[in-house]
Amino acid sequence: MKERAIHQRTIYEYTHDLHQLLSKYPNPSPQDFEKWIGELAKDGLKLSSLQRKFASIRAWARWRKLVGARKAARRDGQININSR
């Protein structure tokens, strides 16, 4: 997977978004995420901010899926953790 250059401010905002979600929903389900976004929209958060929050959670979900797949592959002996 190719890494992208990400601005430090974007990293800060994504991290803040994740902390905000996880402080309210420690183990969020898709329904929790939808509820959270709905609450933020109801509170008047700008569309661009809602879109960024959605993007940050989507990136986090992809990362969790990738980490989970790697752990499963290691567990099943499909990946040598000492190789790159």
Take residue 42 and decide whether it is over 22 Å from residue 65 (Cβ atoms) and among the basic types (Lys, Arg). yes
Just to be sure, is residue 41 surrounded by 13 or more Cβ atoms within 10 Å (Cβ to Cβ), in contact with a helix residue (DSSP H, G or I) (Cβ under 9 Å, 6 or more places away or on another chain) and modelled with pLDDT under 90? no
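Do you know which of the residues in region 56-65 that are without any contact (Cβ under 8 Å) to a residue 40 or more places away in the chain and of a type in the set (A, V, I, L, M, F, W, C) is surrounded by the fewest Cβ atoms within 10 Å (Cβ to Cβ)?
Within region 56-65, the match that is surrounded by the fewest Cβ atoms within 10 Å (Cβ to Cβ) is 63.
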Residue that is surrounded by the most Cβ atoms within 10 Å (Cβ to Cβ) [pool: residues in region 1-38 that are among the acidic types (Asp, Glu) and part of a helix (DSSP H, G or I)]: 17
Name the residues in region 20-49 that are under 22 Å from residue 8 (Cβ atoms) and among the aliphatic types (A, V, I, L, M), would you? 21, 22
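Could you tell me whether any residue of region 70-79 is surrounded by 14 or more Cβ atoms within 10 Å (Cβ to Cβ) and at pLDDT 85 or above?
Going residue by residue through region 70-79, those that are surrounded by 14 or more Cβ atoms within 10 Å (Cβ to Cβ) are 79.
Subset that is at pLDDT 85 or above: none.
No, region 70-79 contains no residue that is surrounded by 14 or more Cβ atoms within 10 Å (Cβ to Cβ) and at pLDDT 85 or above.
The values are calculated or read from the model by the stated rules, or taken from the named source; none is laboratory data. Everything quoted here is computed from the prediction, not taken from an experiment. FYI the Cβ positions are ideal-geometry reconstructions off the backbone, even for glycines, and counts take in every protein chain you see.
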